[in-house]
Amino acid sequence: MGFENLLVDIADGIATVTVNRPKQLNALDQKTLEELSAAFEQAGRDKGVRALVVTGAGDKAFVAGADIAAMSRLGPAEAREFAALGHRVFGLLEALPIVTVAAVNGFALGGGCELTLACDLVYASERARFGQPEVNLGLVPGFGGTQRLTRRVGPMRAKELVLTGDMVDAPTAKAMGLCLDVVPPEKLLEHARGKARTVASRGPVAVATAKRLIQQGADLPLGEANALERQGFAGLFGGEDAKEGMRAFLEKRPAQWKGT
Ligand code: CO8
């Protein structure tokens, strides 16, 4: 599918989705969100895609937020729809049964920071800046930031970011758990793709199950979350991949995953 505001490249089972509006620092307008929705759905359907990397075009921004020019024209009902669209798209990304990796090459602000929060793994270049600057605009995060940020970094750090609106640099973002590694800009994409490749080489049903258990369990009391794990663990024994994975270990050969 051709996109106006995205570049999509699929190689070695890894789809790289690049938000491509560099003149607006890759800000998310309605069209870009709709295209992201289509790209994520496509990646979810394509059995050949085993991992997804999200990044921004150019060397300045990952995504500098929702498009402020477009947002400035919205009334309350339209703002509700726009927020609902963002929630739907990021929810779709979060629910993909493959690993999703953000390669944060520059500003990840507002909706851009929220996009990273919907990804499983986040890697940043030394030039990256993270922040939820909505209070500077008289707004609050509207694409899940108040909730996912709190779950990722804890309530006090989330409050500091959201209430001050201040940006943090990449090492600070790493220290607070907003990203995992900070690498030189020229190494970022390969670093992110390398991690994506590692996950993509593992048993796909196990990866999808583990991701689901971690995400669903985080919102449940521990007893219920552990019950969910027992169910997920046992369920794998009915499939081919677990049999193959254990057999391959015992036979000292690489596993041949069937994805069942
Ligand atoms: N939207 C639209 N255009 C943008 C955005 C944006 N978020 N960010 C930057 N741009 C544009 C600028 O307007 C400028 O355009 P032009 O060249 O036509 O003047 C161009 O990109 C370059 O930007 P700057 O000249 O400002 O570049 P600087 O290097 O001076 O500054 C910054 C870079 C610090 C990133 C600065 O551009 C900035 O502060 N941007 C805004 C960041 C921001 O506030 N993001 C949060 C937006 S709100 C949000 O994301 C809420 C999400 C939930 C929405 C729910 C809706 C209901």
(message) Is it the case, given these coordinates, that Pro141 is more than 24 Å from Val8 (Cα to Cα) and part of a loop (DSSP other than H, G, I, E, B)?
(response) yes
(message) Filter the stretch 1-18 down to the residues that are at pLDDT 95 or above and among the acidic types (Asp, Glu) and list them by number.
(response) Glu4, Asp9
(request) Scan (1) touching a Lys or Arg at 6+ places or on another chain (Cβ under 9 Å); (2) within 11 Å of the ligand (Cβ to nearest atom) for the single condition Glu94 breaks and write down its number. (result) (2)
(request) Assess whether Leu85 counts as being part of a helix (DSSP H, G or I) and more than 13 Å from the ligand (Cβ to nearest atom). (result) no
(request) Pull up the stretch 116-164, narrow it to residues that are among the hydrophobic types (A, V, I, L, M, F, W, C) and within 19 Å of Arg88 (Cα to Cα), then point me to the one that is surrounded by the fewest Cβ atoms within 10 Å (Cβ to Cβ). (result) Val140
(message) Given the options Ala79, Ala158, name the one that is within 12 Å of the ligand (Cβ to nearest atom), part of a helix (DSSP H, G or I), farther than 21 Å from Thr18 by Cα and not charged (D, E, K, R).
(response) Ala79
(request) Tally the residues that are crowded, with 21+ Cβ neighbours inside 10 Å, within 12 Å of the ligand (Cβ to nearest atom) and either without any contact (Cβ under 8 Å) to a residue 60 or more places away in the chain or among the acidic types (Asp, Glu) (or both), restricting the search to the stretch 43-70. (result) 5
(request) Could you check how many residues of the stretch 127-138 are assigned to a loop (DSSP other than H, G, I, E, B) and within 18 Å of Phe107 (Cβ to Cβ)? (result) 3
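The values are calculated or read from the model by the stated rules, or taken from the named source; none is laboratory data. Predicted model, so just to flag it, every value in this text is computed and none were measured. Cβ sites come from the backbone with ideal geometry, for glycine too, and all protein chains shown count toward neighbours.
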